[in-house]
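Single-structure report; data block below.
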Amino acid sequence: MKILVTGGTGYVGSHTTVLLIQEGYEVVILDNLCNSKVEVLDGIEKITGVRPEFYNLDLLNYEDVNKIFDKHVIEGVVHFANLKAVGESVRMPLLYYNNNITGTINLLQIMKKNNVKNIIFSSSATVYGINNTSPLVEAMPLCATNPYGTTKIIIENILQDLYASDDAWSVVSLRYFNPIGAHESAILGENPNGAPSNLLPYIALVATEKLDHLSVFGGDYDTADGTGVRDYVHIMDLARGHIKALEYVLANRGVEAINLGTGNGTSVLEVIAAFEKASGKKVEYKICPRREGDVATSFADVAKAKKILGWEATKDINDMCMDLWKFVTKADTAENYY
Ligand code: NAD
Ligand code: UDP
């Protein structure tokens, strides 16, 4: 069975592609490489023994994307290809609205035209905004605090409207919490183009002495140690969630939004301690002012994923830090890491 993976050379897409191939799916990847490297395909091949067919294409290019559907009988789409940097989205909202929303509308129009109506979409815990209290439940009201988050809410709404208009569609929007870590082999991990903005890559840069300290954004939150609490989920657990969601989408019709997280909150200081233990390195840090738009605490209610997909996370923060450390210190990654 052939699955189109948009954004398949990116962080979540590449790890999910590995599992898709290992589960026996034939994967076709579309990615414009704006935030990933073509060498990721070598990594996928090294792990699985299979090199997925790859199209270096932008989703904004309707005609060429349509040709993929002429050439292949696609049964379902796993749609990762969005821009994802919150700060950049505030500075360049039109870029984000155009890339994420226009790109998704193009994809959905092409799918509809070709009668492909099974889709998994990468949503985010950011859709819960700042007013909901954790554990965050799928039915809570959504609210965005930046253009990136708005694109996720708009796309979820588009997918709901699409199903309302035609019940042949089968849609799952997966709301990821904080994916971190790397493939156990250390062959694949997170290695985007440009400077990181998330916590774990920064910690790794400090531990590898490329930066002298980490700025901890806020030490006075209403949390046990005053630092922000998040639900970190291992990238391979997250990838496995997509396999479960794909099985669900292929067997059902409907539209669902489902959290993918562990259900546990970990503070910034706890992450630093886990990383120090995994790496044997000291992670110097300074407590700095809060980052605008951050919530104190965000973790998932994971009951729906368990009930509907039969999925739950299996790896803890120590596993995540160990696999990330293995990845960033591997000889061919160490030189090129950020
Ligand atoms: P990523 O940037 O590593 O992967 C996205 C891929 O999509 C990149 O390879 C990029 O080149 C490609 N892409 C972007 N726009 C494109 C376009 N118009 N046409 C073709 N390719 C395009 O990001 P990721 O961390 O793998 O995230 C995947 C998805 O998950 C994104 O939709 C993101 O918003 C969502 N998400 C990620 C996180 C996270 O922390 N990583 C959390 C919540 C949600
Ligand atoms: N964080 C931090 N320093 C950094 C990056 C992040 O203290 O350099 C904190 C941030 O305030 C939040 C947590 O780490 O409490 C996770 O942030 P990240 O940007 O990784 O994810 P998100 O904000 O999307 O949950």
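Where a number appears in this text, it was derived from the coordinates with a stated rule and is not lab data. As the structure is a prediction and not an experimental result, all values here were calculated from the model. So basically every Cβ, Gly included, is an ideal-geometry build from the backbone, and we count neighbours across all protein chains shown.
Radius of gyration and Dmax for the range 178-332's Cα atoms, expressed in Å?
Over the range 178-332's Cα set, Rg and Dmax evaluate to 16.6, 51 Å.
For Lys37, go through the lysines and keep the ones whose alpha-carbon is under 18 Å away, minus same-chain ones fewer than eight residues off.
Reachable lysines: Lys46, Lys84, Lys330.
Tell me, what is the FRET efficiency for Lys286 and Arg91 to the nearest 0.05, using R0 = 25 angstrom and their Cβ-Cβ distance as r?
Details: r = 25 Å, r/R0 = 1.01.
Plugging the Cβ-Cβ distance into 1/(1 + (r/R0)^6) gives 0.50.
Would you kindly work out the equivalent ellipsoid of the range 140-247 from its C-alpha gyration tensor and give its semi-axes, the square roots of five times the eigenvalues, largest first in whole Å? Intermediate values should be presented prior to the final figure.
Working: eigenvalues 204, 82, 36 Å².
Working through the eigenvalues yields semi-axes of 32, 20, 13 Å.
Could you work out how much longer the chain between Ala195 and Thr314 gets when fully extended? Use 0.36 nm per residue separation minus the Cα distance between them, nm to one decimal. Don't jump to the answer; show the numbers that get you there.
Numbers: separation 119, 0.36 × 119 = 42.84 nm, distance 2.97 nm.
Full extension of this stretch gives 39.9 nm more.
Give the distance, in whole Å, between the Cα centre of the range 108-134 and the Cα centre of the range 234-313.
Between the Cα centres of the range 108-134 and the range 234-313 lies a distance of 17 Å.
If I histogram all Cα-Cα distances within the range 35-80 using bins 5 Å wide from 0, what percent of pairs lands in each bin?
5, 16, 23, 25, 22, 9, 1
Output the Cα-based Rg and Dmax of the chain in Å, rounding Rg to one decimal and Dmax to a whole number.
Every Cα atom of the chain included, Rg and Dmax give 19.1, 56 Å.
Report, in debye and to the nearest 20, how large the dipole of the range 1-158 comes out about its Cα centre when Lys and Arg carry +1 and Asp and Glu carry -1 on their Cβ.
Details: 12 positive and 15 negative charges, 51 e Å.
Around 240 debye, computed over the range 1-158.
Using the membrane-span-like helix rule (whole DSSP H runs, Cα extent along the own axis of at least 20 Å, mean Kyte-Doolittle hydropathy at least -1.0), which helices of the chain qualify? Can you show the working numbers first?
Numbers: long enough: 147-165 (27 Å, 0.14); 235-251 (24 Å, 0.68).
Helices meeting the criterion: 147-165, 235-251.
Quote the FRET efficiency, to the nearest 0.05, computed for Glu23 versus Ile105 with a Förster distance R0 of 25 Å and r equal to the Cβ-Cβ distance. If you can, show how the numbers build up before the last one.
On the way: r = 29 Å, r/R0 = 1.17.
Rounded to the nearest 0.05, the efficiency is 0.30.
If the viscosity is 1.567 mPa s and the temperature 4 °C, what translational diffusion coefficient in µm²/s does Stokes-Einstein give for the range 67-106 when Rh comes from Kirkwood over Cα pairs?
Numbers: Rh = 11.8 Å.
Answer from the Stokes-Einstein relation: 110 µm²/s.
What number, rounded to the nearest 500 deg cm²/dmol, is the helix-based mean residue ellipticity at 222 nm of the chain, given -39500 (n - 2.57) per DSSP H run of at least four residues and division by all its residues? List each step's numbers first, then the result.
Numbers: 12 runs with 126 residues, N = 338.
Estimated from H runs of four or more residues: -11000 deg cm²/dmol.
Principal axis lengths of the range 251-336 from Cα atoms, whole Å, largest first?
Extents along the principal axes: 48, 35, 23 Å.
Calculate the dipole size of the chain relative to its Cα centre from +1 charges on Lys and Arg beta carbons and -1 charges on Asp and Glu beta carbons; express the result in debye to the nearest 20.
Values: 30 positive and 41 negative charges, 40 e Å.
For the chain, the charge dipole is close to 200 debye.
Let's test the formula: R0 of 25 Å, r as the Cβ-Cβ distance of Asp212 and Thr329. What FRET efficiency results, to the nearest 0.05? Spell out each step's value before the answer.
Working: r = 18 Å, r/R0 = 0.73.
Efficiency, from the Cβ-Cβ distance: 0.85.
Over the alpha-carbon set of the range 208-275, work out the extent along each principal axis and list the three values in angstrom, largest first.
Principal extents (largest minus smallest coordinate, Cα): 49, 31, 16 Å.
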